[in-house]
1. If you roll a 1.4 angstrom probe over the protein chains with everything in place, what fraction of the accessible area of segment 186-337 belongs to carbon and sulfur, to the nearest %?
2. Would you mind getting the accessible area per residue of segment 157-313, heavy atoms of the protein chains only, 1.4 Å probe, in Å²?
3. Which peptide among 142-155, 192-205, 90-103 comes first, and what is the full order, when sorted by highest mean count of other Cβ atoms within 10 Å?
4. At 1.4 Å probe size, put 306, 56, 326 in order of accessible surface, largest to smallest.
5. Would you list 10, 88 from the most to the least accessible area, probe 1.4 Å?
6. Mind scanning 237/302; 27/269; 168/385 and naming the pairs with a C-alpha gap bigger than 20 Å?
7. Per-residue accessible area for residue 53 at 1.4 Å probe radius, Å² rounded to 10?
8. How large is log10 I(q)/I(0) at q = 0.13, 0.14 Å⁻¹ when the Debye formula is applied to the Cα atoms of segment 188-272, each weighted equally and without solvent?
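The values are calculated or read from the model by the stated rules, or taken from the named source; none is laboratory data. Remember, predicted model here, so these are calculated numbers, not experimental data. Don't worry about glycine lacking a Cβ; one is built from the backbone with ideal geometry, like all the others, and counts go over all protein chains shown. Just the protein is used for accessible areas: all its heavy atoms, side chains included, with ligands, DNA and RNA removed. Shrake-Rupley method; radii C 1.70, N 1.55, O 1.52, S 1.80 Å.
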Amino acid sequence: FMSKHISSLSFFETFLERLTTTDREGKVIIERPSEEYDDQKNPDEINYSGVRHPTLRFVRIQSTCQLDDIMDEAHAIILAGGTLRPFSHVAAELFGDDIEVVNAASEAEHQLTRNQDNTSVTTLPCKPKALSSSIQLSPRLTTFTCGHVIPQTNVVTCCLSFGPSSKKLDFRHILRSSGDMIDELGRSLLNLCNIVPSGFVVFLPSYKYESEVFQRWRFTGILSQIDKKKKIYREPKNSRDVETALARYSTDATTSRTGAMLFSVMGGKMSEGINFSDDMARCVLVVGLPYPDITDPVLQEKMKCLDKELRDRGAGISGQAYYQNLCMRTVNQSIGRAIRHANDYASIVLADFRYTSDTRIWRGLPQWLRRGCGTPNEAEATFGKVLKNVKSFF
(Lines give C-alpha, C1' and ligand atoms only; values in the text may rest on other atoms or scores of the structure.)
Protein backbone atom coordinates (compact mmCIF):
# COMPACT_ATOMS: atom_id res chain seq x y z
CA PHE A 1 0.00 0.00 0.00
CA MET A 2 1.31 3.45 -0.94
CA SER A 3 -0.18 6.56 0.53
CA LYS A 4 -1.42 9.17 -1.91
CA HIS A 5 -0.48 11.87 0.56
CA ILE A 6 2.67 13.75 -0.34
CA SER A 7 4.39 15.49 2.50
CA SER A 8 5.13 19.16 2.05
CA LEU A 9 8.66 18.36 3.17
CA SER A 10 9.20 16.48 -0.10
CA PHE A 11 8.68 19.74 -2.00
CA PHE A 12 11.14 21.48 0.29
CA GLU A 13 13.63 18.67 -0.26
CA THR A 14 13.31 19.04 -4.06
CA PHE A 15 13.76 22.78 -3.74
CA LEU A 16 16.99 22.30 -1.78
CA GLU A 17 18.27 19.83 -4.37
CA ARG A 18 17.77 22.39 -7.12
CA LEU A 19 19.86 24.87 -5.17
CA THR A 20 22.90 22.58 -5.54
CA THR A 21 23.05 23.28 -9.29
CA THR A 22 25.23 25.99 -10.80
CA ASP A 23 24.20 29.64 -10.67
CA ARG A 24 23.82 29.94 -14.44
CA GLU A 25 21.21 27.19 -14.59
CA GLY A 26 18.55 28.96 -12.60
CA LYS A 27 17.41 31.44 -10.01
CA VAL A 28 15.23 31.57 -6.95
CA ILE A 29 12.25 33.86 -7.55
CA ILE A 30 9.89 35.22 -4.92
CA GLU A 31 6.38 35.32 -6.35
CA ARG A 32 3.95 37.52 -4.46
CA PRO A 33 0.14 37.62 -4.83
CA SER A 34 -1.04 40.47 -7.01
CA GLU A 35 -3.99 42.49 -5.77
CA GLU A 36 -6.08 42.36 -8.93
CA TYR A 37 -9.82 41.86 -8.94
CA ASP A 38 -11.58 39.42 -11.19
CA ASP A 39 -14.98 40.64 -12.42
CA GLN A 40 -16.12 37.06 -12.92
CA LYS A 41 -15.78 36.27 -9.22
CA ASN A 42 -16.77 37.81 -5.95
CA PRO A 43 -15.61 41.47 -6.11
CA ASP A 44 -14.59 41.21 -2.45
CA GLU A 45 -12.10 38.46 -3.27
CA ILE A 46 -8.60 39.15 -4.53
CA ASN A 47 -7.51 37.26 -7.61
CA TYR A 48 -4.07 35.86 -6.91
CA SER A 49 -3.67 34.36 -10.40
CA GLY A 50 -2.99 30.96 -8.86
CA VAL A 51 -0.65 32.24 -6.12
CA ARG A 52 -2.40 32.64 -2.77
CA HIS A 53 0.71 33.17 -0.65
CA PRO A 54 4.24 34.45 -1.23
CA THR A 55 6.01 31.60 -2.99
CA LEU A 56 9.65 30.63 -3.55
CA ARG A 57 10.26 29.15 -6.99
CA PHE A 58 13.41 27.75 -8.56
CA VAL A 59 13.33 28.34 -12.32
CA ARG A 60 15.79 27.74 -15.12
CA ILE A 61 16.78 31.01 -16.71
CA GLN A 62 19.55 29.60 -18.88
CA SER A 63 18.81 26.91 -21.46
CA THR A 64 22.41 26.39 -22.58
CA CYS A 65 23.25 23.90 -19.85
CA GLN A 66 20.74 21.42 -21.27
CA LEU A 67 22.87 20.96 -24.40
CA ASP A 68 26.27 20.81 -22.73
CA ASP A 69 26.54 17.02 -22.75
CA ILE A 70 25.35 16.75 -26.34
CA MET A 71 27.80 19.39 -27.55
CA ASP A 72 30.67 17.67 -25.78
CA GLU A 73 29.96 14.30 -27.41
CA ALA A 74 28.41 15.06 -30.81
CA HIS A 75 30.39 15.74 -33.98
CA ALA A 76 27.59 17.96 -35.33
CA ILE A 77 24.17 19.16 -34.17
CA ILE A 78 21.26 19.79 -36.56
CA LEU A 79 18.35 21.95 -35.41
CA ALA A 80 15.37 21.71 -37.78
CA GLY A 81 11.97 23.34 -37.47
CA GLY A 82 9.54 25.87 -38.80
CA THR A 83 10.01 28.54 -36.12
CA LEU A 84 13.79 28.68 -35.60
CA ARG A 85 14.15 32.26 -36.75
CA PRO A 86 15.45 34.68 -35.67
CA PHE A 87 18.69 32.65 -35.59
CA SER A 88 20.05 35.08 -33.01
CA HIS A 89 17.23 34.15 -30.62
CA VAL A 90 17.87 30.40 -30.90
CA ALA A 91 21.64 30.81 -30.60
CA ALA A 92 21.34 32.99 -27.50
CA GLU A 93 18.99 30.46 -25.91
CA LEU A 94 20.89 27.26 -26.69
CA PHE A 95 24.50 28.31 -27.26
CA GLY A 96 24.75 31.47 -25.18
CA ASP A 97 28.20 30.60 -23.83
CA ASP A 98 29.66 30.16 -27.31
CA ILE A 99 30.35 33.73 -28.43
CA GLU A 100 31.49 32.64 -31.89
CA VAL A 101 28.23 30.82 -32.62
CA VAL A 102 26.06 33.61 -31.17
CA ASN A 103 27.82 36.29 -33.22
CA ALA A 104 27.66 34.17 -36.39
CA ALA A 105 23.94 33.56 -35.89
CA SER A 106 23.26 37.27 -35.40
CA GLU A 107 25.21 38.20 -38.53
CA ALA A 108 23.47 35.47 -40.55
CA GLU A 109 20.09 36.83 -39.44
CA HIS A 110 21.06 40.40 -40.40
CA GLN A 111 22.38 39.28 -43.78
CA LEU A 112 19.29 37.23 -44.57
CA THR A 113 16.99 40.09 -43.52
CA ARG A 114 18.87 42.53 -45.74
CA ASN A 115 18.61 40.17 -48.72
CA GLN A 116 14.87 39.76 -48.19
CA ASP A 117 14.28 43.49 -47.78
CA ASN A 118 16.06 44.16 -51.07
CA THR A 119 13.54 41.94 -52.89
CA SER A 120 10.47 43.46 -51.21
CA VAL A 121 9.06 45.94 -53.71
CA THR A 122 5.31 45.33 -53.98
CA THR A 123 2.44 46.16 -51.66
CA LEU A 124 -0.21 44.08 -49.96
CA PRO A 125 -1.91 41.79 -50.69
CA CYS A 126 1.00 39.66 -51.77
CA LYS A 127 1.52 36.17 -53.06
CA PRO A 128 4.67 34.69 -51.56
CA LYS A 129 7.51 33.29 -53.63
CA ALA A 130 9.85 30.50 -52.67
CA LEU A 131 13.34 31.43 -51.51
CA SER A 132 16.19 29.39 -50.12
CA SER A 133 19.43 30.62 -48.59
CA SER A 134 22.46 28.98 -47.03
CA ILE A 135 24.86 31.14 -45.04
CA GLN A 136 28.13 30.10 -43.38
CA LEU A 137 29.91 32.93 -41.59
CA SER A 138 31.76 30.67 -39.18
CA PRO A 139 33.15 27.10 -39.31
CA ARG A 140 31.02 26.50 -36.20
CA LEU A 141 27.65 27.44 -37.72
CA THR A 142 25.79 27.08 -41.02
CA THR A 143 22.25 28.38 -41.41
CA PHE A 144 19.76 27.33 -44.05
CA THR A 145 16.32 28.68 -44.84
CA CYS A 146 13.87 27.86 -47.60
CA GLY A 147 10.48 28.94 -48.86
CA HIS A 148 7.24 27.04 -48.41
CA VAL A 149 6.33 23.95 -50.44
CA ILE A 150 3.22 25.64 -51.84
CA PRO A 151 3.27 27.70 -55.06
CA GLN A 152 2.96 31.45 -54.68
CA THR A 153 -0.64 31.42 -55.89
CA ASN A 154 -1.82 29.23 -53.02
CA VAL A 155 -1.74 31.78 -50.21
CA VAL A 156 -2.68 35.42 -49.82
CA THR A 157 -1.73 37.59 -46.84
CA CYS A 158 -3.92 40.53 -45.84
CA CYS A 159 -3.42 42.97 -42.98
CA LEU A 160 -6.73 44.26 -41.64
CA SER A 161 -6.41 47.60 -39.82
CA PHE A 162 -10.04 48.78 -40.06
CA GLY A 163 -13.41 47.10 -39.65
CA PRO A 164 -16.55 47.44 -41.80
CA SER A 165 -17.53 50.71 -40.09
CA SER A 166 -14.00 52.11 -40.58
CA LYS A 167 -13.16 51.74 -36.88
CA LYS A 168 -9.47 51.09 -36.31
CA LEU A 169 -8.85 47.55 -35.07
CA ASP A 170 -6.72 48.08 -31.98
CA PHE A 171 -6.48 44.90 -29.91
CA ARG A 172 -3.97 46.15 -27.41
CA HIS A 173 -4.85 44.99 -23.92
CA ILE A 174 -6.13 48.36 -22.76
CA LEU A 175 -8.67 48.70 -25.61
CA ARG A 176 -9.56 45.25 -26.89
CA SER A 177 -12.27 44.53 -24.29
CA SER A 178 -14.39 47.53 -25.21
CA GLY A 179 -17.82 46.75 -26.63
CA ASP A 180 -17.15 48.77 -29.77
CA MET A 181 -13.95 46.84 -30.55
CA ILE A 182 -15.53 43.44 -30.00
CA ASP A 183 -18.54 44.43 -32.09
CA GLU A 184 -16.32 45.60 -34.95
CA LEU A 185 -14.52 42.25 -34.87
CA GLY A 186 -17.87 40.47 -35.00
CA ARG A 187 -19.02 42.50 -38.00
CA SER A 188 -15.74 41.75 -39.77
CA LEU A 189 -16.18 38.01 -39.30
CA LEU A 190 -19.85 38.19 -40.28
CA ASN A 191 -18.92 39.72 -43.63
CA LEU A 192 -15.99 37.40 -44.26
CA CYS A 193 -18.25 34.40 -43.67
CA ASN A 194 -20.04 35.31 -46.89
CA ILE A 195 -16.94 34.74 -49.04
CA VAL A 196 -14.80 32.19 -47.16
CA PRO A 197 -15.74 28.62 -48.12
CA SER A 198 -15.61 25.57 -45.84
CA GLY A 199 -13.54 25.95 -42.65
CA PHE A 200 -12.70 29.30 -41.06
CA VAL A 201 -10.31 29.35 -38.07
CA VAL A 202 -10.06 32.40 -35.80
CA PHE A 203 -7.19 32.72 -33.33
CA LEU A 204 -7.71 35.00 -30.31
CA PRO A 205 -4.92 36.29 -28.01
CA SER A 206 -6.08 34.66 -24.74
CA TYR A 207 -8.72 32.44 -23.16
CA LYS A 208 -9.99 35.33 -21.06
CA TYR A 209 -10.52 37.46 -24.14
CA GLU A 210 -12.25 34.58 -25.92
CA SER A 211 -14.77 34.45 -23.06
CA GLU A 212 -15.28 38.22 -23.19
CA VAL A 213 -15.90 38.10 -26.94
CA PHE A 214 -18.51 35.36 -26.71
CA GLN A 215 -20.25 37.03 -23.78
CA ARG A 216 -20.52 40.29 -25.71
CA TRP A 217 -21.68 38.62 -28.94
CA ARG A 218 -24.40 36.69 -27.14
CA PHE A 219 -25.71 39.96 -25.73
CA THR A 220 -25.64 41.81 -29.07
CA GLY A 221 -26.88 38.91 -31.19
CA ILE A 222 -23.81 38.81 -33.43
CA LEU A 223 -23.05 35.28 -32.30
CA SER A 224 -26.37 33.93 -33.56
CA GLN A 225 -25.91 35.79 -36.85
CA ILE A 226 -22.51 34.20 -37.43
CA ASP A 227 -23.85 30.79 -36.44
CA LYS A 228 -26.52 31.04 -39.15
CA LYS A 229 -23.75 31.44 -41.75
CA LYS A 230 -21.24 28.98 -40.30
CA LYS A 231 -21.61 26.51 -37.47
CA ILE A 232 -19.57 27.83 -34.52
CA TYR A 233 -17.12 25.73 -32.54
CA ARG A 234 -14.90 26.73 -29.61
CA GLU A 235 -11.63 25.33 -28.38
CA PRO A 236 -12.56 23.10 -25.42
CA LYS A 237 -11.22 23.91 -21.97
CA ASN A 238 -10.39 20.28 -21.25
CA SER A 239 -7.58 18.68 -23.29
CA ARG A 240 -9.47 15.39 -23.32
CA ASP A 241 -12.22 17.00 -25.40
CA VAL A 242 -9.97 18.39 -28.14
CA GLU A 243 -10.10 15.33 -30.39
CA THR A 244 -13.90 15.13 -30.24
CA ALA A 245 -14.30 18.86 -30.92
CA LEU A 246 -11.92 18.69 -33.88
CA ALA A 247 -13.79 15.73 -35.37
CA ARG A 248 -17.13 17.55 -35.17
CA TYR A 249 -15.69 20.76 -36.57
CA SER A 250 -13.97 18.86 -39.39
CA THR A 251 -17.21 17.17 -40.40
CA ASP A 252 -19.15 20.44 -40.63
CA ALA A 253 -16.27 22.35 -42.23
CA THR A 254 -15.68 19.82 -44.99
CA THR A 255 -19.14 18.42 -45.72
CA SER A 256 -21.75 21.08 -44.97
CA ARG A 257 -22.73 23.62 -47.62
CA THR A 258 -21.84 26.67 -45.51
CA GLY A 259 -18.85 25.27 -43.62
CA ALA A 260 -17.92 25.98 -40.01
CA MET A 261 -15.99 28.46 -37.85
CA LEU A 262 -13.60 27.46 -35.08
CA PHE A 263 -12.43 29.84 -32.37
CA SER A 264 -9.05 28.96 -30.88
CA VAL A 265 -6.45 30.66 -28.71
CA MET A 266 -2.90 31.46 -29.77
CA GLY A 267 -0.55 29.39 -27.68
CA GLY A 268 -3.47 27.14 -26.70
CA LYS A 269 -4.33 23.52 -27.35
CA MET A 270 -5.09 23.95 -31.05
CA SER A 271 -2.38 26.41 -32.09
CA GLU A 272 0.48 23.90 -32.24
CA GLY A 273 0.68 20.44 -33.76
CA ILE A 274 -2.90 20.45 -35.08
CA ASN A 275 -3.45 19.77 -38.77
CA PHE A 276 -6.02 22.12 -40.31
CA SER A 277 -5.36 21.01 -43.85
CA ASP A 278 -7.54 21.57 -46.93
CA ASP A 279 -11.16 22.51 -46.20
CA MET A 280 -10.59 22.58 -42.45
CA ALA A 281 -9.00 26.04 -42.78
CA ARG A 282 -9.48 27.97 -46.01
CA CYS A 283 -9.01 31.14 -43.98
CA VAL A 284 -7.07 31.84 -40.79
CA LEU A 285 -7.79 35.14 -39.06
CA VAL A 286 -5.41 36.19 -36.29
CA VAL A 287 -6.83 38.69 -33.79
CA GLY A 288 -4.26 40.96 -32.16
CA LEU A 289 -0.85 39.96 -30.83
CA PRO A 290 -0.34 37.47 -27.96
CA TYR A 291 2.36 39.23 -25.97
CA PRO A 292 3.31 37.34 -22.77
CA ASP A 293 2.46 38.84 -19.38
CA ILE A 294 5.26 41.34 -18.82
CA THR A 295 4.65 41.20 -15.05
CA ASP A 296 5.51 37.48 -14.91
CA PRO A 297 8.55 37.24 -12.57
CA VAL A 298 10.14 34.42 -14.56
CA LEU A 299 9.91 36.42 -17.78
CA GLN A 300 11.31 39.50 -16.06
CA GLU A 301 14.31 37.55 -14.78
CA LYS A 302 14.92 36.06 -18.21
CA MET A 303 14.87 39.49 -19.85
CA LYS A 304 17.23 40.90 -17.20
CA CYS A 305 19.61 38.00 -17.74
CA LEU A 306 19.68 38.52 -21.52
CA ASP A 307 20.22 42.27 -21.12
CA LYS A 308 23.15 41.64 -18.75
CA GLU A 309 24.77 39.13 -21.12
CA LEU A 310 24.41 41.53 -24.02
CA ARG A 311 26.04 44.35 -22.02
CA ASP A 312 28.85 42.20 -20.62
CA ARG A 313 29.77 40.27 -23.76
CA GLY A 314 28.41 42.34 -26.62
CA ALA A 315 26.72 39.24 -28.05
CA GLY A 316 23.21 37.81 -27.92
CA ILE A 317 19.81 39.50 -27.90
CA SER A 318 18.17 42.04 -25.65
CA GLY A 319 15.37 41.20 -23.27
CA GLN A 320 12.97 43.30 -25.34
CA ALA A 321 13.90 41.41 -28.53
CA TYR A 322 13.31 38.13 -26.69
CA TYR A 323 9.89 39.38 -25.55
CA GLN A 324 8.97 40.40 -29.11
CA ASN A 325 10.14 37.07 -30.54
CA LEU A 326 8.01 35.08 -28.07
CA CYS A 327 4.93 36.89 -29.33
CA MET A 328 5.71 36.47 -33.03
CA ARG A 329 6.64 32.81 -32.62
CA THR A 330 3.16 32.17 -31.20
CA VAL A 331 1.55 34.04 -34.11
CA ASN A 332 3.58 32.06 -36.64
CA GLN A 333 2.68 28.74 -35.02
CA SER A 334 -1.00 29.63 -35.37
CA ILE A 335 -0.69 30.71 -39.01
CA GLY A 336 1.15 27.52 -39.87
CA ARG A 337 -1.88 25.36 -38.98
CA ALA A 338 -3.51 26.16 -42.34
CA ILE A 339 -0.93 25.22 -44.99
CA ARG A 340 -0.08 21.53 -44.56
CA HIS A 341 0.96 20.19 -47.99
CA ALA A 342 2.07 21.31 -51.46
CA ASN A 343 -1.46 21.50 -52.91
CA ASP A 344 -3.07 23.22 -49.93
CA TYR A 345 -4.27 26.83 -50.09
CA ALA A 346 -5.59 29.42 -47.66
CA SER A 347 -6.00 33.13 -47.01
CA ILE A 348 -4.31 34.67 -43.96
CA VAL A 349 -5.89 37.75 -42.39
CA LEU A 350 -4.00 39.62 -39.66
CA ALA A 351 -6.50 41.76 -37.75
CA ASP A 352 -4.77 44.59 -35.88
CA PHE A 353 -3.45 47.96 -36.99
CA ARG A 354 -0.02 47.09 -35.53
CA TYR A 355 0.65 44.65 -38.37
CA THR A 356 0.84 47.66 -40.70
CA SER A 357 2.35 50.23 -38.33
CA ASP A 358 5.16 48.31 -36.60
CA THR A 359 8.01 47.11 -38.83
CA ARG A 360 9.26 44.70 -36.15
CA ILE A 361 5.95 42.84 -36.24
CA TRP A 362 5.88 42.62 -40.03
CA ARG A 363 9.47 41.33 -40.16
CA GLY A 364 8.65 38.79 -37.48
CA LEU A 365 6.23 37.00 -39.80
CA PRO A 366 7.36 34.00 -41.88
CA GLN A 367 9.37 35.01 -44.90
CA TRP A 368 7.15 32.91 -47.18
CA LEU A 369 4.16 35.04 -46.16
CA ARG A 370 5.73 38.45 -46.76
CA ARG A 371 7.98 37.54 -49.69
CA GLY A 372 7.73 40.23 -52.39
CA CYS A 373 5.78 42.58 -50.12
CA GLY A 374 6.99 46.00 -49.13
CA THR A 375 6.23 47.48 -45.75
CA PRO A 376 2.42 47.34 -45.50
CA ASN A 377 0.40 50.50 -45.09
CA GLU A 378 -3.03 51.26 -43.66
CA ALA A 379 -4.38 52.42 -47.03
CA GLU A 380 -4.15 48.81 -48.22
CA ALA A 381 -5.61 47.46 -44.98
CA THR A 382 -9.16 48.84 -45.11
CA PHE A 383 -11.97 46.35 -44.76
CA GLY A 384 -13.27 46.92 -48.28
CA LYS A 385 -9.92 46.20 -49.89
CA VAL A 386 -9.25 43.15 -47.73
CA LEU A 387 -12.72 41.77 -48.48
CA LYS A 388 -12.13 42.26 -52.19
CA ASN A 389 -8.70 40.59 -52.07
CA VAL A 390 -9.93 37.58 -50.14
CA LYS A 391 -12.92 37.20 -52.45
CA SER A 392 -10.73 37.32 -55.59
CA PHE A 393 -8.40 34.73 -54.04
CA PHE A 394 -11.21 32.19 -53.80
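1. Working: 3110 of 6530 Å².
Here it works out to 48 percent.
2. On the way: 7100 Å² over 157 residues.
Averaged over the residues of segment 157-313, the accessible area is 45 Å².
3. Numbers: 142-155: 16.5, 192-205: 22.5, 90-103: 20.6.
Answer by packing, highest mean first, reads 192-205, 90-103, 142-155.
4. Numbers: 306 5, 56 100, 326 45 Å².
Heavy-atom accessible area, descending, gives 56, 326, 306.
5. Details: 10 40, 88 15 Å².
Accessible-area ranking of 10, 88, largest first: 10, 88.
6. Numbers: 237/302 29 Å; 27/269 29 Å; 168/385 14 Å.
Cα-Cα > 20 Å for 237/302; 27/269; rest within.
7. Probe radius 1.4 Å; accessible area of residue 53 about 130 Å².
8. Log10 of I(q)/I(0), two decimals: -0.39, -0.46.
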